[in-house]
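A.B. asks: Below: one structure in structure tokens.
What follows draws every value from the coordinates through simple rules; no lab data is involved. Every value quoted in this text rests on a predicted model; they were computed, and no experiment measured them. Cβ: placed from backbone, ideal geometry, glycine included. Neighbour counts: every protein chain shown.
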Amino acid sequence: MIRALLAIAVLVYAGIGAWTLVEPVGPMADVGVGALDSRGLVELRAMYGGLQLGMAGFLGWCLLDPARQRVGLVAATCTIGGLGVARTGAWLVIQPDGGLLPLLCAIEVGGGLAGAAVLWATRSDASRGGPG
């Protein structure tokens, strides 16, 4: 199960990273993020493209070795869960219009909870030195 969730995380991070590296304004416009000038485009490409691709690379590296897979799932769980908690908290306080942000909240919190559940369920494997 660790391997499956990690593979999904690699695909999600790589997909978001590639999409926003090539076309940062389109995907970001749906959540109200835009660029005022060329500096903003560089920043969007770096933070939403490069950072996501870097994370996909790290998670992919973890996926290649069973000894690193649990660490990769911890990283994916912390990042996606952190995004979900921060987005949900901000969304509840600010209460913006639209249905995309609540959907992203549910996906991210759900992804974090799924990762945490698998990590919890496989904790005895990790304590025995197994890959999980």
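A.B. asks: Arranged by the count of other C-beta atoms within 10 angstrom, fewest first, what order do Cys62, Cys78, Cys105 take?
C.D. replies: Values: Cys62 24, Cys78 13, Cys105 20.
Ascending Cβ contact count within 10 Å gives the list Cys78, Cys105, Cys62.
A.B. asks: Residue separation times 0.36 nm, minus the C-alpha to C-alpha distance between Ala117 and Asp30: what's the value?
C.D. replies: 28.3 nm
A.B. asks: Could you go through the stretch 3-14 in sequence order and give the Karplus-derived ³J(HN,Hα) for each residue, using 6.51 cos²θ - 1.76 cosθ + 1.60 with θ = phi - 60°, rounded to whole Hz, and x for Gly and Pro?
C.D. replies: So the Karplus estimates, Gly and Pro as x, are 4, 5, 5, 5, 5, 4, 4, 4, 5, 5, 4, 5 Hz.
A.B. asks: Between the alpha-carbon centers of the stretch 1-44 and the stretch 46-60, tell me the distance in whole angstrom.
C.D. replies: 9
A.B. asks: For the chain, what is the calculated [θ] at 222 nm in deg cm²/dmol (nearest 500), taking -39500 (n - 2.57) for each run of four or more DSSP H residues and dividing by its residue count? List each step's numbers first, then the result.
C.D. replies: Numbers: 7 runs with 102 residues, N = 132.
Estimated from H runs of four or more residues: -25000 deg cm²/dmol.
A.B. asks: Scan (i) 17.5, 57; (ii) 16.2, 53; (iii) 14.3, 40 for the value of Rg and Dmax of the Cα atoms in Å calculated from this model and give just the label.
C.D. replies: The value computed from this structure is option (ii).
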